[in-house]
Amino acid sequence: MQTISERVRSLSASQTLAMSQKSAELKASGVDVINLSVGEPDFNTPDHIKAAAVEAVEGNCSFYTPVPGYLSLRKAIAAKLSRENGLDFAPEQIVVGNGAKHALANVILASVNPGDEVVIPTPAWVSYMELVKLAGGKPVTVSTGIADDFKITPAKLEAAFTSATRAVIICSPSNPTGSVYTREELKGLAEVLARHPQVLVIADEIYEHILYTGGDFVSLASFPELAGQVAVINGVSKAYAMTGWRIGYCACPPELAKAVTKLQGQMTSGASSIAQKAAEAAYNGPQECVEEMRRAFERRRDLVVRLAKEIPGLGVNVPQGAFYLFPEVSAYLGKTAPDGRHVATDSDLAMYLLECGHVATVAGAAFAAPGYIRLSYATSDENLVEAFSRISRALAALK
Ligand code: PMP
Ligand code: GLU
């Protein structure tokens, strides 16, 4: 089509959102689909956070907000980063945007020039590669697999760097694999990164609270050798079950925060006044709700790992965080389904599971990791048990 820019034409649509949309359409047509595609907590936003939003509405908190976000919210985020992560960011280094995705887009657009390379260990969340392309940059993917717990080593990271490398994106706990780097592993990566001070380290820490290691979360920004080199991406979506409120932030070096603010001032202005007040209550209020949800996710993690291991031929890695399972499915590829369709790729398999098994998942290819599929277990135990029984039957029917 003539009127659509090259920039947008070269983008892939978000496969996580696309599969969720397809699942919703099938459901609307009367099919009983279980949606394990999109990743979002299935809990309601905690009451004290909702109450703060109601108060903001009643108090006519309805005017434009400062472009980088209310100072009171940025102070609450700075206090959170200090209290929970031992990080020292001033409110001036924090820019609140419309979700962590927006914060990430801002940081990428404000730091990547056309032709710059951005190193992305894969499997990686769908939007990383596309946002880098949007900025005119070149995603340089470094693949990992189930055998290495989906983690990149310092040597592999070092080998990916060239003189054109501008940034690297590290996500731990990971979407889509649930893998979590240990402190020692992060230290190894930090040592490599510190030898390349011109490389911006984008640390996506949105799943920090959904952790099953039994230990504390370690922020990549907490290594002193990376001082001034890291942009932390985080927000309220996952920890406080607030995906629809659309509040996320970046905490980054001052110059980058200024650039992001300039960009945001032209593109979206400050984020929603009401949602910011709710986010402030989330950071300043009681934190028990976060642990309650974490415990529920851990129980479900145990359930899905057990159910998945019962299915012959699936390669199952035990996730240490987030709420995704990322099984290896190559044993089921190259087969024929009862309706005659050939299931050649993980994308074919995800489509078959949706249309014939009535379970929505996302193909590994969307995360630059063909041969796998992603299942979100942020849903009830009952749904999970039923979904795995459907998946098991559908896979067994492939010949
Ligand atoms: N990073 C990762 C790894 C995610 O999984 C998500 C959730 N889609 C985001 C960022 C974006 O979060 P938000 O909903 O706050 O935009
Ligand atoms: N984080 C979620 C997922 O990966 C939300 C959808 C999206 O924004 O990609 O499914």
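The values are calculated or read from the model by the stated rules, or taken from the named source; none is laboratory data. Because the structure is predicted, anything quoted here is derived from the model rather than measured. Note that each Cβ is placed from the backbone with ideal geometry, even for glycine, and that neighbours are counted across all protein chains shown. When the accessible area is computed, the model is the full protein with side chains, heavy atoms only, and any ligands, DNA or RNA have been set aside. Shrake-Rupley method; radii C 1.70, N 1.55, O 1.52, S 1.80 Å.
Given the C-alpha centroids of region 223-284 and region 333-366, what is the distance between them in whole angstrom?
Here the answer is 37 Å between Cα centres.
Leaving out ligands and nucleic acids, and using a 1.4 Å probe, what accessible area per residue does the chain come to in Å²?
Numbers: 16360 Å² over 399 residues.
Ligands and nucleic acids excluded, the figure is 41 Å² per residue.
Would you mind counting up the charge near Leu186? Only other residues with Cβ under 13 Å from its Cβ, with Lys and Arg at +1 and Asp and Glu at -1.
My count for the surroundings of Leu186 gives -4.
Output wanted: per-residue J couplings in Hz (rounded whole) for region 56-69, from phi through Karplus 6.51 cos²θ - 1.76 cosθ + 1.60, θ = phi - 60°, x for Gly and Pro.
5, 5, 4, x, 6, 7, 10, 9, 3, 9, x, 3, x, x
Which cross-chain or sequence-distant (5 or more) residues have an amide H under 5 Å from the amide H of Thr122, H modelled 1.01 Å from N in plane?
Residues meeting the criterion, in which the H sits 1.01 Å from N, are Val142, Ser143, Thr144.
With springs connecting C-alpha atoms under 10 Å apart, model the chain as a Gaussian network and identify which of Gln287, Gln93, Gln229 has the largest mean-square fluctuation.
Gln287
Can you give me the relative contact order of region 302-345 as a percent, contacts being Cα pairs under 8 Å and 6 or more apart? Kindly include the intermediate steps, with their values, before the conclusion.
Details: 42 pairs, mean separation 11.1, N = 44.
Relative contact order, region 302-345: 25 percent.
Per-residue accessible area for Glu298 at 1.4 Å probe radius, Å² rounded to 10?
Number for this one is 50 Å².
Using the Karplus curve 6.51 cos²θ - 1.76 cosθ + 1.60 with θ = phi - 60°, work out ³J(HN,Hα) for each residue of region 348-365 in order, rounded to whole Hz, and write x for Gly and Pro.
Those phi angles translate into 4, 5, 4, 5, 5, 4, 6, 6, 9, x, 6, 10, 8, 10, 10, 5, x, 4 Hz.
Rg and Dmax of the chain over Cα atoms: what are they, in angstrom?
When restricted to Cα atoms, the chain yields Rg and Dmax of 20.9, 63 Å.
Which aspartates and glutamates, if any, have their Cα less than 13 Å from the Cα of Lys309, not counting same-chain residues under 8 positions apart?
Once the sequence-local aspartates and glutamates are set aside, what remains near Lys309 is Glu328.
Under 20 Å from the Cα of Lys133, which aspartates and glutamates turn up, not counting those fewer than eight places away in the same chain?
Within the straight-line limit of under 20 Å, Lys133 reaches these aspartates and glutamates: Glu6, Asp116, Glu117, Asp204.
With the calculation restricted to Cα positions, what are the radius of gyration and Dmax of region 283-322 in angstrom?
For region 283-322, the Cα radius of gyration and maximum Cα-Cα distance read 14.0, 47 Å.
Could you look at the chain and say what percent of its accessible area is carbon and sulfur, using a 1.4 Å probe and all protein chains?
54 percent
Pairs of lysine in region 10-106 with Cα under 28 Å and at least 8 positions apart or on different chains: total?
Count of close lysine pairs: 7.
Would you calculate, for the chain, the mean residue ellipticity at 222 nm contributed by helices, counting each DSSP H stretch of 4 or more residues as -39,500 (n - 2.57) and dividing by all residues, to the nearest 500?
-12500 deg cm²/dmol
Let me check against my output: what whole-number percent is the relative contact order of region 37-140, with C-alpha pairs under 8 Å and at least 6 apart?
Details: 75 pairs, mean separation 18.6, N = 104.
Relative CO of region 37-140 lands at 18 percent.
For Tyr212, enumerate residues with amide H under 5 Å from its amide H, sequence gap 5+ or separate chain, H modeled in the peptide plane.
Gly321
I need to check one value: relative contact order of the chain, counting alpha carbon pairs closer than 8 Å and at least 6 residues apart, in percent.
Value for the chain: 23 percent.
Just to check I understand the Karplus step: with θ = phi - 60° and J = 6.51 cos²θ - 1.76 cosθ + 1.60, what whole-Hz values come out for region 131-140, glycine and proline as x?
5, 5, 4, 4, 7, x, x, 10, x, 10
With the cut-off at 1.5 for a/c, could you classify region 1-117 from its C-alpha gyration tensor as rounded, prolate or oblate?
Because a/c hits 1.5 or more and a/b fails to exceed b/c, region 1-117 counts as oblate.
Give the long-range amide H neighbours of Val359: residues separated by 5 or more places, or on another chain, with amide H under 5 Å away, using H modelled in the peptide plane at 1.01 Å from N.
Ile34, Leu354
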